[in-house]
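Notes follow the structure.
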Amino acid sequence: EVQLVESGGNLIQPGGSLRLSCAASGFTVSTEYMTWVRQAPGKGLEWVSILYTGGLTFYTDSVRGRFTISRDDSKNLLYLQMDTLRAEDTAVYFCARGSSVTTGAFDSWGLGTVVTVSS
Amino acid sequence: DIQLTQSPSSVSASVGDTVTITCRATRGVNKWLHWYKQKPGKAPELLIYAASTLQSGVPSRFSGSGSGTDFTLTITSLQPEDFASYYCQQANSFPYTFGQGTKLEI
């Protein structure tokens, strides 16, 4: 069974850094597209970043240069390193799998981890 | 960036009704348009991928259509568990984007 579990969310001051982790089971992160999606309180979904199997990465404009997506194949973990955090980064952060079977649509999601950026 | 506009933003319906949600893109996305359902406090779930393909395990009362810039999600014979928010998402070009969501209420 595919499962994704995020961790690392916390209350952090503006300008601070945080690293989110996403533990995968039931599949290998290195063989699928992995993505982060966030949802600000009371708002809709916002795509954040994607990591392809070959290592290619893409980011939404508002986080490019501040966030870094990566993975640890030996631990089957996905990460999101978030630097220079802003109040507008406050959100629930979901990791999700983009499967080639579903033409890259995100077919499995974690429950999310909460990031609050506030002084 | 490709913007996705869903309509309506909210809709009220009853069990047994049929509801149609539309998603319009500012530029063509071919068929790379996916639909998700989300209940409050829960993770999104994939319903439809590539505009019209039903994800495994999703009831057949859900269907999707469209290509290019205009897409629809139709839910027939609404069930109590269908009352949720629905989002479209384009995967044609970066940055990927989601529609603003449609809240389906009883």
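The values are calculated or read from the model by the stated rules, or taken from the named source; none is laboratory data. Remember, predicted model here, so these are calculated numbers, not experimental data. Every residue, glycine among them, receives a Cβ derived from its backbone with ideal geometry; neighbour counts consider all protein chains shown. What goes into the accessible areas is simple: the full protein's heavy atoms, side chains included, and nothing from ligands, DNA or RNA. Shrake-Rupley method; radii C 1.70, N 1.55, O 1.52, S 1.80 Å.
Given a 1.4 angstrom probe, what's the average accessible area per residue across the range B:46-103, in square angstrom? Write out the running numbers ahead of the final one.
Working: 2040 Å² over 58 residues.
Here the residues of the range B:46-103 average 35 Å² of exposed surface.
Starting from the Cα coordinates of the protein assembly as shown, work out the convex hull volume and express it per residue in Å³.
Convex hull of Cα atoms, per residue: 111 Å³.
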Which whole-Hz ³J(HN,Hα) couplings does the range A:2-14 yield from phi under the Karplus relation 6.51 cos²θ - 1.76 cosθ + 1.60, θ = phi - 60°, glycine and proline marked x? 6, 9, 10, 10, 8, 7, x, x, 6, 8, 9, 6, x
Charge sum, other residues only, whose C-beta stays under 11 Å from A:ALA40's C-beta, Lys/Arg counted +1 and Asp/Glu -1: -1
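Can you pull out the buried accessible area for chains A and B, both sides counted, probe 1.4 Å, rounded to the nearest 100 Å²? Numbers along the way, then the final one.
Details: alone 6040 and 5490 Å², together 9830 Å².
Using a 1.4 Å probe on protein heavy atoms, the buried area is about 1700 Å².
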Enter the accessible area per residue of chain A (Å², integer; probe 1.4 Å; all protein chains in place). 44 Å²
Can you tell me the length gained on complete extension of the stretch B:PHE94 to B:THR26, counting 0.36 nm per residue apart and subtracting the Cα distance? 23.1 nm
Heavy-atom accessible area of the protein assembly as shown with neighbours in place, 1.4 angstrom probe: carbon+sulfur share in percent works out to 48 percent
In order over the range A:79-95: 3J(HN,Hα) from phi, Karplus 6.51/-1.76/1.60, θ = phi - 60°, whole Hz, x for each Gly or Pro, gives 10, 9, 7, 10, 10, 6, 5, 10, 4, 6, 7, 4, 4, 7, 10, 9, 9
Quick check: the distance between the Cα centres of the range A:86-119 and the range B:42-70, to the nearest angstrom? 19 Å
Please give the average number of partner chain Cβ atoms lying within 10 Å of the Cβ of each residue in B:90-98, rounded to a whole number. 6
List for the range A:19-62: residues with 10 Å² or greater reduction in accessible area, all protein chains versus chain alone, probe 1.4 Å? A:GLN39, A:GLY44, A:LEU45, A:TRP47, A:ILE50, A:TYR52, A:PHE58, A:THR60, A:ASP61
Stretched out fully, how many nm does the piece from A:SER100 to A:ARG86 gain, at 0.36 nm a residue minus the Cα gap? 1.7 nm
For peptide B:55-62, the mean count of other chain Cβ atoms within 10 Å per residue Cβ is 1
Where Rh is the Kirkwood radius over the Cα pairs of chain A, the temperature 37 °C and the viscosity 0.692 mPa s, what D in µm²/s does Stokes-Einstein return? 232 µm²/s
How big is the accessible area of B:LYS42 in square angstrom, nearest 10, if you roll a 1.4 angstrom probe over the protein chains? 120 Å²
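Rounded to two decimal places and with Rh computed the Kirkwood way over Cα pairs, what is Rg over Rh for the range A:54-119? Show your work: numbers first, answer last.
Details: Rg = 13.4 Å, Rh = 13.6 Å.
Rg/Rh for the range A:54-119 comes to 0.98.
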Interchain or long-range residues, amide H under 5 Å from B:THR97's placed H: B:GLN90
Just tell me which aspartates and glutamates come within less than 14 Å, Cα to Cα, of A:LYS43; anything on the same chain fewer than 8 places away is out. A:GLU88, A:ASP89
